[in-house]
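Quick note: the coordinates plus some simple rules give every number you see, no bench work behind them. No experiment lies behind these values; they were computed from the predicted model shown. Reconstructed Cβ throughout: ideal geometry from the backbone, glycine too, with neighbour counts over all protein chains shown.
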Amino acid sequence: MHLIPGDLDLFESLSGDTSGKHNVLEDHIQEFKLRDDYDYIFIDCPPNWTILTQASLFASDYYIIPSKIDLFSSVGIGLLETLVTSTFYDKKSPIYKLYTVYKRDIRRKPIVCLGVLFTLTHEMTIAEKLKERLQKEISQTFFESEIPYHSSVPLKFALYDESGAKHETLKNSITRVVAEIEERVSLYEQVTEAAYEN
């Protein structure tokens, strides 16, 4: 596993005129043949619709929507879905043609949402009720796994393997999330292959 942290230079290189920059990450992935070296490439994006987020989605096969369980989640999730659809699937979008031609030329399928992943969850009755309400309101699939809130995690640095029993629940939840991501990707690819064969 390798990690590449973002920095301010990255934002500077993607600021200003954004035309012609949507494919910058896909070009980089292709140039260095990164898909040959890695099973998965995860790109963590800020919760705003910048060129960095758009370029990340442009290069991606799948995306996951992480969300806290609160009253504003349905608004944020719905807005993201609208932006993804209007940017990559609407023929009136300025990058629709670039995106569809690019995906066809490199023989990659258009982006697919794997679902909503609840994070920073609490075992409280109110949280369960909010979760049920969100699942009814949002026309999106939801991960069965969740990432629970641990008060000590944001406050101090701890290596994953040295975090001890205190963070065992968090480690187990991450393991379950990874397994569910792999299962969803595998299932989607099987369905897609079957559709192409028919």
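In plain terms, the residue of 58, 88, 142 with the fewest other Cβ atoms within 10 Å comes first and the most crowded comes last, giving 142, 88, 58. In this calculation the C-beta distance from residue 98 to residue 149 is compared with R0 = 35 Å, giving a FRET efficiency of 0.30.
By counting other Cβ atoms within 10 Å of each Cβ, how are 184, 104 ranked from fewest to most? All intermediate terms of the calculation are to be shown ahead of the outcome.
Working: 184 17, 104 11.
Listing 184, 104 from fewest to most nearby Cβ atoms yields 104, 184.
Ordering 107, 35 from the fewest to the most neighbouring beta carbons within 10 Å gives 107, 35.
Determine, from the Cβ-Cβ distance of residue 39 and residue 70 and an R0 of 41 Å, the FRET efficiency 1/(1 + (r/R0)^6), rounded to the nearest 0.05.
0.80
For segment 20-149, the alpha-carbon radius of gyration amounts to 1.17 times the rule-of-thumb value 2.2 N^0.38 Å expected for a compact globular protein. Along the axis of the charge dipole computed for segment 20-149 (Cβ charges of +1 for Lys and Arg, -1 for Asp and Glu, origin at the Cα centre), the listed residues 85, 98, 25 are led at the positive end by 98. Simple spin-label estimate for residue 85 and residue 178 gives 3.5 nm between the two label positions (7 Å along the Cα-to-Cβ direction from each Cα).
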